[in-house]
Amino acid sequence: MSDNYFITLEHDLDEIDMMPSAKALAKMMDKIDEITDEIGVTRFSDFVAGSDGGDDLSEIAEQEGWDMGGFGAGGSGQEWFDAGDGLDTVRALAGYIESDPDSIKRAKTILEELKAFEKVLEAALAHNVRFRLEADD
């Protein structure tokens, strides 16, 4: 389990000068995933880079300039995620927590983190830029 998650965009956007991070979300990830399962949106943890364990080899190969011929592309084959999918999850989570703040510890802080992620994802969607969450241990 990570101590912190932050958004990384596939391409830099001029209007975003700082990427938000989410310590409270990281601490409550199991509960957050339970909520997303309950409300029927993509799990927040599914947006974490390498969450399927297969991206590590691909990243090393890319850094070293190796031609892997498609080998090691990861279980899902997806390293970046559509900002619209992320927005759906973030907005659904925020709505759930706003309607029932007692459903999770540190609801106010988690809502602030979700709102910060929402702003970045809205900009990413407007520019057709994909994202991923990265863990900072």
| request: Please work out which residue is farthest from the chain's Cα centre (by Cα), limiting yourself to the range 117-130 and to residues that are farther than 13 Å from LEU93 by Cα and outside any loop (DSSP other than H, G, I, E, B). | output: ALA126
| field | Residue ID - farthest from LEU87 (Cα to Cα), chosen from residues in the range 11-21 that are at pLDDT 80 or above and surrounded by fewer than 15 Cβ atoms within 10 Å (Cβ to Cβ) | value | ASP14
| Restricting the search to the range 82-101, which residues are out of contact with any helix residue (DSSP H, G or I) (no Cβ under 9 Å at 6 or more places or on another chain) and farther than 13 Å from ILE35 by Cβ? | ASP88
| query | Among (1) touching a helix residue (DSSP H, G or I) at 6+ places or on another chain (Cβ under 7 Å); (2) at pLDDT 85 or above; (3) closer than 18 Å to ALA124 by Cα, which single condition is ILE104 missing? | reply | (3)
| query | Do we have any residue at all in the range 64-77 that's surrounded by fewer than 17 Cβ atoms within 10 Å (Cβ to Cβ), assigned to a helix (DSSP H, G or I) and at pLDDT below 95? | reply | yes
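The values are calculated or read from the model by the stated rules, or taken from the named source; none is laboratory data. Owing to the predicted nature of the structure, the values given are computational and were not obtained by experimental measurement. Cβ sites come from the backbone with ideal geometry, for glycine too, and all protein chains shown count toward neighbours.
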